[in-house]
1. Can you work out the FRET efficiency for the pair residue 151 and residue 37, with r the C-beta to C-beta distance and R0 = 22 Å, to the nearest 0.05?
2. Sort 4-17, 113-126 for me by packing, meaning the mean count of neighbouring Cβ atoms within 10 Å per residue, highest on top.
3. Using a cut-off of 20 Å between alpha-carbon atoms, which lysines can reach residue 38, once sequence neighbours fewer than 8 places away in the same chain are excluded?
4. In a GNM of the chain with a 10 Å cut-off on Cα contacts, which of 87, 76, 101 has the highest mean-square fluctuation?
5. Below 8 Å between Cα atoms, with a sequence gap of 6+, how large is the relative contact order for the chain in percent?
6. Using the charge dipole of the chain (Lys, Arg: +1 at Cβ; Asp, Glu: -1 at Cβ; taken about the Cα centre), state which of 124, 2, 77 has its Cα farthest towards the positive end.
7. How would you classify the range 70-118 from its alpha-carbon gyration tensor, with a ≥ b ≥ c the square roots of the eigenvalues: rounded for a/c under 1.5, else prolate if a/b is greater than b/c, otherwise oblate?
8. Specify whether the C-alpha gyration tensor of the chain places it in the rounded, prolate or oblate class, a ≥ b ≥ c being the square roots of the eigenvalues: rounded for a/c under 1.5, otherwise prolate if a/b is larger than b/c and oblate if not.
Amino acid sequence: MGQWICAYTKTAGELHAAEGAQRLGFRTYTPIYLDERKTERFLFPRYLFVFIDEAWRALRSTFGIVKLLMEDDRPRIVSPRVMSYLRSCEDRDGYFRTPDRYRRGDEILIVRGPLGDRDNPIKARFEHMTNRERCWALLEMMNGLVSVELSVFDIEPA
């Protein structure tokens, strides 16, 4: 029974490294997502997942692979739960999509950043994501609603 490991590739060498590993008979996986301009991007730039059995040493000299992530003298194993989660986040076209944590209109708390902190969170309404790390929300301010762009790391569910 095989296991997934992780290889560190040359800059912009993920596809070359994957092709080299595949020529040696290994299965590879590189999660890809579409950015806001619909351009394909690697979820983990310079990293490649490789499915191995016992014979893994040939990967160390594969074109495009700089090194394998190691634990002592063996490749570090990627948890099957992690791999299963990554695959489960793919849409039918094979692109990685984060599960929608918030829906439009959900009440959120701004708990970090210039607008809020843990001791004095500010309530807002979630609008939409702009990319993987930013979102828009509506704040009640000055007798009206104000749109603000926030980092998703600055908000929590209310």
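1. 0.65
2. Final packing ranking: 4-17, 113-126.
3. Those lysines meeting the cut-off do not exist here.
4. 101
5. About 20 percent, as a whole number.
6. Comparing the listed Cα positions along the dipole, 2 ranks first.
7. Working: a/c = 4.13, a/b = 1.60, b/c = 2.57.
Oblate, because a/c is 1.5 or more while a/b does not exceed b/c.
8. Values: a/c = 3.04, a/b = 2.61, b/c = 1.17.
Prolate, because a/c is 1.5 or more and a/b exceeds b/c.
Since every read-out is calculated from the coordinates, none of them should be taken as a lab result. Please read all numbers here as calculations on a predicted model, not as lab measurements. Methodologically, a virtual Cβ is constructed for each residue, glycine included, from the backbone with ideal geometry; neighbour enumeration extends over all protein chains shown.
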